[in-house]
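Take a look at the structure set out below.
The values are calculated or read from the model by the stated rules, or taken from the named source; none is laboratory data. Only a predicted model underlies this, so the values are computations on that prediction, with no experimental measurement involved. Cβ placement follows ideal geometry from the backbone for every residue including glycine, while neighbour counts extend to all protein chains displayed. These area figures cover heavy atoms from the full protein model, side chains too; ligands, DNA and RNA do not enter into them. Shrake-Rupley method; radii C 1.70, N 1.55, O 1.52, S 1.80 Å.
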Amino acid sequence: GQIVSFIGEAGLGKSRLVVKALSLAQERGFSIFGGEAESHGVNSSYLVWHPIWRGVFGLDPTWRIAEQTRVVERQIGELDRSMLLRVPLLGPAIQLNIPDNDLTSDFDAKLRKSLLETMLTEQISARAKETPLVLILEDGQWMDALSFDLLEEIARAIKSLPVLIIFTSRPKESERHGETSVSSLPYYWPLELSPLTQDDLALLAEHRLERLSENGRDTETTALLAQRIAQQADGNPFYLEELVTFVGVQTVTAVDASDLSELELPTSLHSLVLSRLDLLPERPKTLLKVASVVGRVFHASWLQGIYPELGATAAIRGDLEELGRQKFTVYDPAEGEDTYFFRNMITRGVIYDSLLHKSRTNLHEQAGQFLEATYEDETDQYLDLLAYHYEHGRSEDKKRYYLRRAGEFAQKSYANQAAIEYYRKVLPLLKPSDQIGIKLKVGDVEQLVGNW
């Protein structure tokens, strides 16, 4: 067993290294499962693990809940029939609302968490005996506390198993969740990424510009333009590649140094993303704005439901194909046939921040209403998302209702810090007389974790 951590600021190439590692792993016959944390999901229990466990158990999110539950039960039964009655405990980790039975209904939150971690760790051990595994957890700086606890349990269990865990995060930010407990293991290997040198950046820019040869630049001009872009990129390869794409979209055909001196490039990564956004037609531009409210990962059908003005789902998919060619989005069929994600979290963040407050509030409200109506019978699976969208929406009643429900669900799942944060968010929204019950719940959680 090995754990490799790619640590670096946004845009330095962590995801690029992951892609290369996966290519090498596929050549060697590894089974690969991965997930990403999201900035809005710091209180979403096991969010980064959801796609990993769906992959391990072979679940299709489009199947009915009963069918997915049967698949999980069959695999757990094959592993150990004595664990069958504990299957409902897996619900939070595989994003399935499996009703409690007579046995699990009596378990307290701490025992539920402990047994869940044991069952999942044994599942990984069983799979690793069949084939070597790679588990990828990206954007660890946004992982919730329960995801870190599960990572620690599995990290300790893989010592003698053919399992590689790849973990990416930004410097220092992940330490607030105690990543140091994993990094103290003797088979943990950190790889810190630093900005590229000017020479390396110029080489990368020249290589990328050569792919745009249809613009008719000669070798000398390409080299000069590469140096200009490298200087602007300030050590960040993502910034550099976005500049090259911007130049390509603009179809610049500079022919000599004097032309290059007059070439205007965006002065920051933020302004560059906005400049590229402004070059898009209105509908794809609006689509990206709506998608930025949903998150890094989004579904084409969700966009149509949240903002019908975008047109039919087929039209949205057509726009997404073009946005993929322009390197804004990426298609991800592994998570469902209409699943896409932003190519980089920086892009998603800049577009989201560019929204006017009123527009952002309205879109969050519409997202909440869509999820509420679409998953009326499965709201427990989407409580964190509903709480997130309504927290940033208009409806004070919905905000109070879902923040409270999310807190109660987190408390039940032993997601103690998340429960406290949800409760503290809802407190200012309540009348003093209504605050008492929530304050008592906060006290229960604080007592449980020993925070006297």
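Summary of computed values
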| read-out | value |
| --- | --- |
| Calculated from backbone phi, Karplus (6.51, -1.76, 1.60) coupling profile of region 367-376 in Hz, x at Gly/Pro | 5, x, 5, 5, 4, 4, 6, 6, 10, 4 |
| Cα-based Kirkwood hydrodynamic radius, region 79-197, one decimal, Å | 16.0 Å |
| Cα convex hull volume per residue for region 1-158 (Å³) | 123 Å³ |
| Amide H contacts of GLY34 (H built 1.01 Å from N, under 5 Å, at least 5 apart or other chain) | ILE136 |
| Per DSSP, loop chymotrypsin sites (Phe, Trp or Tyr not before Pro) in region 41-134 with at most 15 further Cβ within 10 Å | TRP63 |
| ³J(HN,Hα), Karplus 6.51/-1.76/1.60, whole Hz, each residue of region 422-430, x for Gly, Pro | 4, 4, 6, 6, 7, 3, x, 8, 9 |
| Centroid-to-centroid separation of region 298-316 and region 146-162 [C-alpha atoms, Å] | 39 Å |
| Selection of GluC sites (Glu not before Pro), region 341-383, meeting DSSP coil and at most 12 other Cβ within 10 Å | GLU376 |
| P(r) of region 12-88 over all Cα-Cα pairs, binned every 5 Å from zero, in whole percent | 3, 13, 15, 18, 20, 14, 11, 5, 1, 0 |
| Amide H partners (placed H, <5 Å) of SER5, local residues excluded | PHE167, TRP189, LEU191 |
| Spread of Cα-to-Cα distances over 10 Å intervals beginning at zero, given as percent, for region 269-323 | 24, 57, 19, 1 |
| Helix-derived mean residue ellipticity, 222 nm - over the chain, DSSP H n ≥ 4, -39500 (n - 2.57), to 500 | -17500 deg cm²/dmol |
| The chain: relative contact order as a whole-number percent, Cα under 8 Å and 6+ apart | 16 percent |
| Fraction of accessible area attributable to carbon and sulfur, the chain (%, probe 1.4 Å) | 50 percent |
| Taking the C-alpha atoms of the chain, convex hull volume expressed per residue in Å³ | 162 Å³ |
| Along the chain, longest interval not containing exposed trypsin sites (Lys or Arg not before Pro), exposed being DSSP loop plus at most 15 other Cβ atoms within 10 Å | 212-393 |
| Between 0 and 90°, nearest 10: helix 313-325 axis offset from the chain longest Cα axis | 50 degrees |
| Residue-by-residue Karplus 3J(HN,Hα) for region 11-20, coefficients 6.51, -1.76, 1.60, Hz, glycine and proline x | x, 8, x, 4, 5, 5, 5, 4, 4, 5 |
